[in-house]
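Trainee: Would you mind keeping the following structure in view while I ask a few things?
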Amino acid sequence: MFSRIEHIGIAVKDLEVSTELFTHLLGQAPYKTETVEAEGVKTVFFQVGETKIELLGSIREDSVIAKFIAKKGEGIHHIAFATDNIVSELQRLKEHSFQLLHEQPKEGADNKAIAFLHPKSTNSVLIELCMDKTM
Ligand code: ZN
């Protein structure tokens, strides 16, 4: 079962410009910036109640975010749901014929174990499962 929306990922062209924009929009500064070298992505996190906004900027031309923006432009990239058992949730979703992009959870930003579902099986919405590793 998913417990809540953990974060919404938004792909942006210029992370600095968008960080300022979202700081004004949300009325608060981000609490964290993190680079995920393996993905070629830099992330900026804002806390909004129990949900986060994750701005995703590209640090390489061949990153998934650069490709996403080239194809679809800036905007919502994925919705991440929190779960406290990512392995059993992946199994449950697989049994319901959802297409998994990751059979096994992998290391994500913000000290999380994460996995994605293929948007082909979820009405074109990229879905992330997200488990706090400190739990
Ligand atoms: Zn995410």
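Trainee: For the chain, what is the accessible area per residue in Å² when the probe is 1.4 Å?
Mentor: 57 Å²
Trainee: Let me know the longest stretch in the chain that avoids all chymotrypsin sites (Phe, Trp or Tyr not before Pro) found in a DSSP loop with at most 16 other C-beta atoms within 10 Å.
Mentor: 32-97
Trainee: Contact order normalised by length for the chain, with contacts defined as Cα pairs under 8 Å and 6 or more residues apart; what percent is it?
Mentor: Value for the chain: 25 percent.
Trainee: Then there is this: For region 4-57, state the average projected area of the convex hull of the C-alpha atoms over all orientations, rounded to one decimal in nm².
Mentor: Dividing the Cα hull surface by four gives the mean projection, 3.7 nm².
Trainee: Which lysines does LYS72 reach when only Cα atoms under 30 Å apart count, and residues fewer than 8 places away in its own chain are ignored?
Mentor: LYS13, LYS32, LYS42, LYS52, LYS94, LYS106, LYS112, LYS120
Trainee: What do you get for the angle between helix 15-26 and the principal long axis of the chain? Use alpha-carbon atoms, 0 to 90 degrees, nearest ten.
Mentor: Long axis of 15-26 versus the principal axis of the chain: about 80 degrees.
Trainee: For the chain, compute Rh as the Kirkwood radius over C-alpha pairs and then the Stokes-Einstein diffusion coefficient at 37 °C and 0.692 mPa s; write the answer in µm²/s, rounded to an integer.
Mentor: 215 µm²/s
Trainee: With the full set of protein chains in place, find how many percent of the accessible area of region 78-130 is carbon and sulfur; take the probe as 1.4 Å.
Mentor: Answer for region 78-130 is 49 percent, counting heavy atoms of protein chains only.
Trainee: So if I place +1 on the C-beta of Lys and Arg and -1 on the C-beta of Asp and Glu, and nothing else carries charge, what would the dipole magnitude of the chain be about its Cα centre? I want it in debye, nearest 20.
Mentor: Dipole of the chain, to the nearest 20 debye: 340 debye.
The values are calculated or read from the model by the stated rules, or taken from the named source; none is laboratory data. Predicted, not measured: the structure shown is a model, and the values here were computed from it. With ideal geometry, Cβ positions are generated from the backbone for all residues, glycine too; neighbour counts draw on all protein chains shown. To get the accessible areas, we keep the full protein, side chains included, count just its heavy atoms, and leave off ligands, DNA and RNA. Shrake-Rupley method; radii C 1.70, N 1.55, O 1.52, S 1.80 Å.
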